[in-house]
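Only one structure is covered here, and it is reproduced in the block below.
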Amino acid sequence: MTIDNEKKALTKVFRYLTIQDRSSFEVTAYLLRKGYEDSIVKNVVAYLVEKKYINDQQYAARLVKNKADTRKYGIRKIKAFLYAKGINYDIIETTIDNIDYNEFEAAQALVANRFSQSIN
């Protein structure tokens, strides 16, 4: 019975992961919302981590790059975003330390963009 439920949970998670990358926290919360038992959720998440379907470090790095480059988020906002996604504090700090990001330049770009939009 447990193996059957694990297979069902994996099927649901694979569909969930096809939409976008997720953190292990998000996958755990998703399965718990769907009503799966803790032991099944732990087994499924462990399997996904082992097989590299979910990797919080890579997930955090992609999010940081996206938020810093395209959205021009500041470091504090990026950290808060990652924390809300359930990323471990150490992973957040390591990821933030490894990016090449100048908050001042990002703020200048945002201000310039806002002023050019208000003039047009």
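Some points to look at:
- Residues of the chain: accessible area per residue with a 1.4 Å probe, Å²: 70 Å²
- The calculated FRET efficiency for Asn113 paired with Asp21, based on their beta-carbon distance and R0 = 35 Å, is about 0.80.
- Only Cα pairs under 8 Å and 6+ residues apart enter the sum, and on that basis the relative contact order of the chain stands at 24 percent.
- Restraint check, Lys8/Lys51; Lys51/Lys72; Lys12/Lys85; Lys8/Lys34; Lys34/Lys65, Cα-Cα greater than 21 Å: Lys51/Lys72; Lys34/Lys65
- Unit Cα scatterers, Debye sum, region 1-67: log10 I(q)/I(0) for q = 0.12, 0.20, 0.29 Å⁻¹: -0.29, -0.75, -1.38
- With all protein chains modelled, accessible area of Leu10 [1.4 Å, Å²]: 40 Å²
- Element breakdown for the chain at a 1.4 angstrom probe: carbon and sulfur atoms account for 51% of the accessible area.
- Label-to-label distance, nm, for residues given as Lys77 and Tyr89 (7 Å Cα→Cβ offset): 2.4 nm
The values are calculated or read from the model by the stated rules, or taken from the named source; none is laboratory data. This structure is a prediction, so every number in the text was calculated from the model and none was measured. All Cβ positions, glycine included, derive from the backbone under ideal geometry; neighbour counts span all protein chains shown. When the accessible area is computed, the model is the full protein with side chains, heavy atoms only, and any ligands, DNA or RNA have been set aside. Shrake-Rupley method; radii C 1.70, N 1.55, O 1.52, S 1.80 Å.
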